[in-house]
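In what follows, a single structure is set out as structure tokens and then discussed.
The values are calculated or read from the model by the stated rules, or taken from the named source; none is laboratory data. All values derive from a computational prediction rather than experimental measurement. Neighbour counts are summed over all protein chains in view; Cβ atoms, including those assigned to glycine, are modelled from backbone coordinates with ideal geometry. Areas reflect the complete protein model, heavy atoms only, side chains present, ligands, DNA and RNA absent. Shrake-Rupley method; radii C 1.70, N 1.55, O 1.52, S 1.80 Å.
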Amino acid sequence: MGDQPIRKFQPVYLWIAVPFVALLWVPIFNRVEPTLFGIPFFYWYQALGTLLGAACIVPVYLHVQKQRKARAARCVVESKS
């Protein structure tokens, strides 16, 4: 149990909640107008939500990668000691 790293809440993880909340609240986008190239709002909002979801995961991914590199660097320094 001592081998497990202690994980703290990081505010960057809130980015994952953005597309979830935006697409969970259906009354916001349950309508036809405005249309975009003839596509009703209901459909293009959901497609935009997919792109938003991908864009919101990027900062979280970069943050986690930065943490992993820092942890690996600490392990290398500690192993040399």
* Selection status of TYR43, under 18 Å from the mean Cα position of the chain (by Cα) and among the aromatic types (Phe, Trp, Tyr) -> no
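Looking at this structure, is GLN4 of a type outside the set (Lys, Arg), at pLDDT below 90 and open to solvent by 90 Å² or more (accessible area, probe 1.4 Å)? Don't jump to the end; show me each part of the working.
Values: of a type outside the set (Lys, Arg): yes; at pLDDT below 90: yes; open to solvent by 90 Å² or more (accessible area, probe 1.4 Å): yes.
Criteria met by GLN4.
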* **Selected residue (criterion: surrounded by the most Cβ atoms within 10 Å (Cβ to Cβ)) from residues of the range 55-81 that are among the hydroxyl-bearing types (Ser, Thr, Tyr) and more than 22 Å from PRO11 (Cβ to Cβ)** => SER79
* Determine the pairs where a residue that is on the phi > 0 side of the Ramachandran plot, located within the range 53-65, has a partner that is open to solvent by 40 Å² or more (accessible area, probe 1.4 Å) with Cβ atoms under 6 Å apart, the partner being 6 or more residues away or on another chain. => none
* Structure fact -> Of the residues in the range 29-54, those that are open to solvent by 80 Å² or more (accessible area, probe 1.4 Å) and either farther than 17 Å from VAL18 by Cα or not in a helix (DSSP H, G or I) (or both) come to ASN30, ARG31, VAL32, GLU33, PHE37, TYR43
